[in-house]
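Worksheet for the structure shown next.
The values are calculated or read from the model by the stated rules, or taken from the named source; none is laboratory data. Keep in mind that what you see is a predicted model, and the values were worked out from it rather than measured. Quick reminder, even Gly has a Cβ in these numbers, built from the backbone with ideal geometry, and neighbours come from all protein chains shown. Side chains are part of the model used for accessible areas, which takes the heavy atoms of the whole protein and leaves out ligands, DNA and RNA. Shrake-Rupley method; radii C 1.70, N 1.55, O 1.52, S 1.80 Å.
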There are 2 protein chains.
Amino acid sequence: MRIGTLHSDDLKASIKNTNMDDPYAKEPEGSALLNYHMTNPTNAEAPANILTESYLTPDDLFFVRNHHPTPLIDEDKHMVNFTGLPSARDPILTEGINLSITDIKTKYKKHNIVSSIQCGGNRRAEMNVIERTNGSPWATSAISTAEYGGARLVDVLKSLGVTHENVESSGIKHIIFVGAEDMQASVPIRKALDEYGDSLLAYEQNGKPIPQTHGYPLRFIAPGHVGVRNVKWVSSIILSKEEATGPWQRGMSYKGFGPSTRSLEGIDVEAIPSLQEQPVQSAITVPTPGTVYQPGDVVTLKGYAYSGGGRGIVRVDVSIDGGKNWLTATMTEGKDQPLDRAWAWTLWEIDAELPEDISDGKFELICKATDASYNVQPDSVEGIWNLRGINNNSWHRVQVVVEEEKE
Amino acid sequence: MRIGTLHSDDLKASIKNTNMDDPYAKEPEGSALLNYHMTNPTNAEAPANILTESYLTPDDLFFVRNHHPTPLIDEDKHMVNFTGLPSARDPILTEGINLSITDIKTKYKKHNIVSSIQCGGNRRAEMNVIERTNGSPWATSAISTAEYGGARLVDVLKSLGVTHENVESSGIKHIIFVGAEDMQASVPIRKALDEYGDSLLAYEQNGKPIPQTHGYPLRFIAPGHVGVRNVKWVSSIILSKEEATGPWQRGMSYKGFGPSTRSLEGIDVEAIPSLQEQPVQSAITVPTPGTVYQPGDVVTLKGYAYSGGGRGIVRVDVSIDGGKNWLTATMTEGKDQPLDRAWAWTLWEIDAELPEDISDGKFELICKATDASYNVQPDSVEGIWNLRGINNNSWHRVQVVVEEEKE
């Protein structure tokens, strides 16, 4: 595993790899705009200051967090197999039901939802400053937003005879999605059946077919749930009493350990709940660290705020004096999402005037958000540091430089 | 309005008040076990150290936060009036439908759920230490837990012809509950119709009729929502495009202001979302502040943890060194609640050994919880202080005294 940002020469070498024994030989070309933490599989994110230039993230700025080689699927031949259906009485049904992509596109009404997808490891790099964690050192751009088009999962499941009642009586608790690359993950069945949950079998991203890197031809969109549950290249859907198996569901990857846990010895990892909904989050995307200002300058801060579970953002607070006083930022795009169904980020900005009497040196800008459940971000990284480096939602701090103009 | 803990003599005087012009003349007798912040109306809570002695809170330890004189209702004559029903085609229905308590008890299957109810102002006293806020100075016991028995609201609404579809097409967004004392509050209609939401028209509390103080004969239980939405003495239920009116819904009482807001001048209070679900919370109930230990003593800490929206508690961390190192507490009763339907608190305990080489003096015990969305409590009160003193879920800190035994 290669950790760290690759230089563009390394990237080109990796893309040009033509060794056919290499399962990554046919990877699609990566965006040159991204910072690569890893290739094969790709972990890459946009530079912070361009991430929030548009509300919907363009394909070439969308973060990539893949776990395996990218499959290339023939949409016309691809079938999605449903098993574990509680209504299955007919012997044919015990083998499941297959739907083609055409079935999914034509048999169900198309719905569009705007959803942000955030990696569980977003802002891990800040945890590494305290003590090294495990995984790619994401800055603040392991989050992206798109409009997804597809069939509502609840509509598809209902058409296959799945109801609240037969799910309850069958003891079904989870719905598992298996990707063509053999990655699997699950969400609670409640999420899939919720009339207000907006779970989607998506075939479009920002009005075009889902890009190959992001799950063409079909991606499960679990709005409000961590990125890894939004399974790409969906091939199989299983209703189950148990959650998905494998490292991304039951292993340590998306499990939250305590801040003093340094070893997994003696820890029952499977007993720790898998990450599903994420905590309230925000980050400053503009200015970037190290930007130079003069005393008295007006700094325009911009950023995003997001919370899991569809919980809307009610306020973003910004401080330029270490958290003593707080300014309320202006929320812009995304602010009108319903508070209990806000699947996408809210962008914000504010002008803050630096004091005139500042001594030269470093100066800290801080942001924090409050969501509709009045959950807030914790003050410091230390109290939430964890071995796996996930769920860093501490106050976001950006150090800038303030110095008198050189004569 | 009287602020502060009343002495028992004041309490007796208040209970004995026989002035019949006084709307509070017929208040039911209050529990002598509670600490009274206010009477007429009553605001009272249990001493911390006895609150968590039992998982279900006995009536005489249940916190009381009333807004008006307590109504005394004749159950046999009481009717609950439903209006705004989207299916209303019949002219009779435009006046609404009345259900008696007997109807509610006999026409619908009885469901039992265990739910904690927490006042939005729980732990306000700690905010007052930073700067005075507005309201009763609750310590950590403005939270109680009971098993409620009643009809599921979704069953009642369905029987009256309410469906997802006609709610959507009618533009209904809220369901308003009006109490016999004329207090009203609402929750999103989504909460009422959610098959997994467990909204209840409750006529029992811990196996007995709801106590008069707590809403006899019918209380709306909105599991996972702030106390004030759990309307007592329910007399009228209104489906509506708008949320409830009045100070407890649209006024400042349950609105979250920013930490630097000192005046409401220029603030559009109605535009701030009403408090519904609450953030993740925990508190140490044992030991109480000022308890005296010797160096090397083993301290048994006990407490509760709770989060809004049915989000279960995944971990409680305890520190005895100011947050440098954290011990994982043992979760006891409540720990087996479903993680997406955990309506009640989780109790926890842990033994922590005080160091031998401690210098005499004050010593701080800290707890914090993490919920199923991996939201956490913020480190300090300062960043969440607000004018109204609500939603204090900062790390809970208890100061004890550690000193060498006097010879």
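Quick notes
- Verdict on A:Thr102 being buried (at least 22 other Cβ atoms within 10 Å of the Cβ) and within 28 Å of A:His68 (Cβ to Cβ): no
- Restricting the first member to region A:115-132 and to residues that are over 29 Å from A:Glu147 (Cβ atoms), and the second to residues that are outside any loop (DSSP other than H, G, I, E, B), the beta-carbon pairs closer than 7 Å and six or more apart or on different chains are A:Ile130/A:Glu382.
- When restricted to residues that are open to solvent by 10 Å² or more (accessible area, probe 1.4 Å) and either of a type outside the set (Ser, Thr, Tyr) or touching a Cys at 6+ places or on another chain (Cβ under 8 Å) (or both), region A:152-175 contains 13.
- Within region B:305-330, tally of residues that are touching a residue at least 40 places away in the same chain (Cβ under 8 Å), closer than 22 Å to A:Thr261 by Cα, assigned to a loop (DSSP other than H, G, I, E, B) and in contact with a Leu (Cβ under 8 Å, 6 or more places away or on another chain): 2
- Every test in (1) open to solvent by 10 Å² or more (accessible area, probe 1.4 Å); (2) within 13 Å of chain B (Cβ to nearest Cβ) is passed by A:Ser319 save one, and that test is (1).
- Taking the criterion of being out of contact with any strand residue (DSSP E or B) (no Cβ under 8 Å at 6 or more places or on another chain) and either over 22 Å from B:Trp248 (Cα atoms) or not hydrophobic (A, V, I, L, M, F, W, C) (or both), no residue of region B:271-301 qualifies.
- Residue count, region B:314-331 (criterion: of a type in the set (A, V, I, L, M) and closer than 14 Å to B:Ser394 by Cα): 2
- Residue in region A:359-384 that is farthest from the chain's Cα centre (by Cα), counting only those that are more than 10 Å from chain B (Cβ to nearest Cβ) and open to solvent by less than 30 Å² (accessible area, probe 1.4 Å): A:Gly361
- Filter result for the condition that a residue is touching a residue at least 60 places away in the same chain (Cβ under 8 Å) and within 18 Å of the chain's Cα centre (by Cα), over A:Leu301, A:Leu264, A:Leu275: A:Leu275
- Among residues of region B:230-260, those that are open to solvent by less than 20 Å² (accessible area, probe 1.4 Å) and within 13 Å of another protein chain (Cβ to nearest Cβ), counted: 6
- Test result for B:Thr346, surrounded by 21 or more Cβ atoms within 10 Å (Cβ to Cβ) and of a type in the set (Ser, Thr, Tyr): yes
- Residue among B:Glu126, B:Glu147 that is touching a strand residue (DSSP E or B) at 6+ places or on another chain (Cβ under 6 Å), modelled with pLDDT of 95 or more and open to solvent by 40 Å² or more (accessible area, probe 1.4 Å): B:Glu147
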